[in-house]
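Input: a single structure, listed below in structure tokens.
The values are calculated or read from the model by the stated rules, or taken from the named source; none is laboratory data. Keep in mind the model is a prediction, meaning the values are calculated, not measured. Every residue, glycine among them, receives a Cβ derived from its backbone with ideal geometry; neighbour counts consider all protein chains shown.
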Ligand code: UGA
């Protein structure tokens, strides 16, 4: 099948690359000339494990191409994926200007039937708006379907190639057949393609992300209560996660959720609710709790240093919002570092992938080549991302390098008992300190 993917951000690149891997002819389109030039020369604009291998193979074998010309990109395409940004506007609602502009252009450029696929996370009713925008100028038949993406950064290729489910919103039998053909190689193990109407598909994506954000937030609140009652959130997690109705995953308490999706999508769903005069109280609570959660460790740090961080050097392990990504959007580390700098502290930091992106935003930080280099002569260590290399450090080295044996751990990487034995003052989330 010939496929066009408009937008070469995270979702677009993964979608285009993975569909070329299943044998389709894919052209990725983007208005950003520099990015397209880079991609044509094999430069990957994002860090995503495993993507480069697929990318190189399919480029080499001629199935994956890049262009800045929408006209050229959609030539002969049976499906046209829209993977465009939907940044939050001032009121929290998703801004559809990029999607609707491309829809308008498509109406003018399409010369044969195509299925236009909304892959971006878009508010309920967007498929209808896209359809109306294309209709204004279209001279050929087309269908607009909603096909939200559920991939996680860091494991995006695996999530795309082996999805738990594929959700497709469409009322058109013709479009349904095209989507079935396209996804057939990815659902061979019996994982379903779930067909529904467009509005339900759009809402499914928001409901999934909001539910997961709520699940994490619930555990964060349990953790906060554990700290007051003397219970241990790790035990609670195991105790409830073994109930199959609850499930083991996404129950890890920590320094709050971040990333480009959960914060934006929870906010956008709250805005949709408000637009329909529905007071979705749970969502508001999730946003409020997460905002506080990101600052959970600061009071402990301040108390430890008698309320004064001037001339203190704080080592930071982890900048990315989670491991296996260089994405620092809404990362708890950033907010904490800003606060540390405001309070007069110096910050030395290390992250295996997140440093280039952070350098641009926070030039006042000293970036180090290794985790241990960040500890050299620092007064304390704060941990914000659970990169595997932070899980079993050489504690002897850590204590020799740090001026004080104290760790503030936002990801519960170590056992409090063990830390006590090693002589560290250890602050984590929802466990004894
Ligand atoms: C999330 C969803 O998991 C994907 O299904 C969805 O497709 C994607 O958003 C999107 O809308 O594009 P992602 O943002 O890549 O994926 O990251 P997650 O792995 O879901 O983690 C989100 C945040 O939750 C991270 O800050 C992570 O540290 C935090 N988290 C996760 C916890 O604090 N505890 C947990 O138990 C799990």
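Annotation: of all residues in the stretch 379-393 being away from the ligand (no atom under 16 Å from the Cβ), surrounded by fewer than 23 Cβ atoms within 10 Å (Cβ to Cβ) and in contact (Cβ under 8 Å) with a residue 12 or more places away in the chain, the one that is farthest from the chain's Cα centre (by Cα) is 379. State whether one or more residues within the stretch 242-250 are within 11 Å of the ligand (Cβ to nearest atom) and either surrounded by 18 or more Cβ atoms within 10 Å (Cβ to Cβ) or within 24 Å of residue 329 (Cβ to Cβ) (or both). Checked the stretch 242-250: at least one residue is within 11 Å of the ligand (Cβ to nearest atom) and either surrounded by 18 or more Cβ atoms within 10 Å (Cβ to Cβ) or within 24 Å of residue 329 (Cβ to Cβ) (or both). In the set (1) buried (at least 17 other Cβ atoms within 10 Å of the Cβ); (2) part of a helix (DSSP H, G or I); (3) outside the structural domain of residue 126 (by TED's automatic domain parsing), residue 175 fails one condition alone, (3). So, in the stretch 122-134, of the ones that are touching a strand residue (DSSP E or B) at 6+ places or on another chain (Cβ under 7 Å) and within 16 Å of the ligand (Cβ to nearest atom), which residue ends up farthest from residue 266 (Cα to Cα)? Top of the filtered list is 126. Would a scan of the stretch 184-202 turn up a residue that is over 19 Å from residue 119 (Cα atoms), outside the structural domain of residue 325 (by TED's automatic domain parsing) and in contact with a helix residue (DSSP H, G or I) (Cβ under 9 Å, 6 or more places away or on another chain)? No, every residue in the stretch 184-202 fails to be over 19 Å from residue 119 (Cα atoms), outside the structural domain of residue 325 (by TED's automatic domain parsing) and in contact with a helix residue (DSSP H, G or I) (Cβ under 9 Å, 6 or more places away or on another chain). Any residue in the stretch 209-230 that is within 28 Å of residue 160 (Cα to Cα) and away from the ligand (no atom under 13 Å from the Cβ)? No, the stretch 209-230 contains no residue that is within 28 Å of residue 160 (Cα to Cα) and away from the ligand (no atom under 13 Å from the Cβ).
Just one of the listed residues (255, 216, 236, 246) is outside the structural domain of residue 415 (by TED's automatic domain parsing), over 25 Å from residue 151 (Cα atoms) and out of contact with any strand residue (DSSP E or B) (no Cβ under 8 Å at 6 or more places or on another chain), namely 236.
Does residue 164 meet the test of being within 23 Å of the chain's Cα centre (by Cα), assigned to a loop (DSSP other than H, G, I, E, B) and free of Cβ contacts under 8 Å to residues at least 40 places away in the same chain? Judged against the criteria, residue 164 is a match.
Considering only residues that are out of contact with any strand residue (DSSP E or B) (no Cβ under 6 Å at 6 or more places or on another chain) and either under 21 Å from residue 15 (Cα atoms) or assigned to a helix (DSSP H, G or I) (or both), which ones fall in the stretch 135-152?
Within the stretch 135-152, the first condition is being out of contact with any strand residue (DSSP E or B) (no Cβ under 6 Å at 6 or more places or on another chain), and the residues that meet it are 135-141, 149-152.
Matches in the stretch 135-152: 135, 149, 150, 151, 152.
Filter the stretch 114-125 for residues that are assigned to a strand (DSSP E or B) and within 20 Å of residue 10 (Cα to Cα) and give the result.
Initially, the stretch 114-125 is screened for residues assigned to a strand (DSSP E or B), giving 114-118.
Within the stretch 114-125, 116, 117, 118 qualify.
Per the conditions (1) within 16 Å of the ligand (Cβ to nearest atom); (2) in a helix (DSSP H, G or I); (3) surrounded by fewer than 20 Cβ atoms within 10 Å (Cβ to Cβ), the sole criterion not satisfied by residue 353 is (2).
Let me confirm something: among 272, 313, which residue is in contact (Cβ under 8 Å) with a residue 12 or more places away in the chain, crowded, with 18+ Cβ neighbours inside 10 Å and farther than 27 Å from residue 89 by Cα?
Working: 272 fails: farther than 27 Å from residue 89 by Cα.
Matching residue, one of 272, 313: 313.
The residues listed here are 320, 333, 315; of these, the one that is assigned to a strand (DSSP E or B) and in contact with a helix residue (DSSP H, G or I) (Cβ under 9 Å, 6 or more places away or on another chain) is 315. The set of residues in the stretch 283-300 being surrounded by 15 or more Cβ atoms within 10 Å (Cβ to Cβ) and within 16 Å of the ligand (Cβ to nearest atom) consists of 283, 286, 287, 289, 290, 293, 294, 296, 297. Across the stretch 267-282, a minimum of one residue is classified as touching a helix residue (DSSP H, G or I) at 6+ places or on another chain (Cβ under 6 Å) and within 13 Å of the ligand (Cβ to nearest atom). Listed here are the helices (runs of 4 or more DSSP H) enclosed by the stretch 1-113 that have at least 3 residues being crowded, with 16+ Cβ neighbours inside 10 Å and modelled with pLDDT of 95 or more: 10-21, 33-40, 51-60, 97-109.
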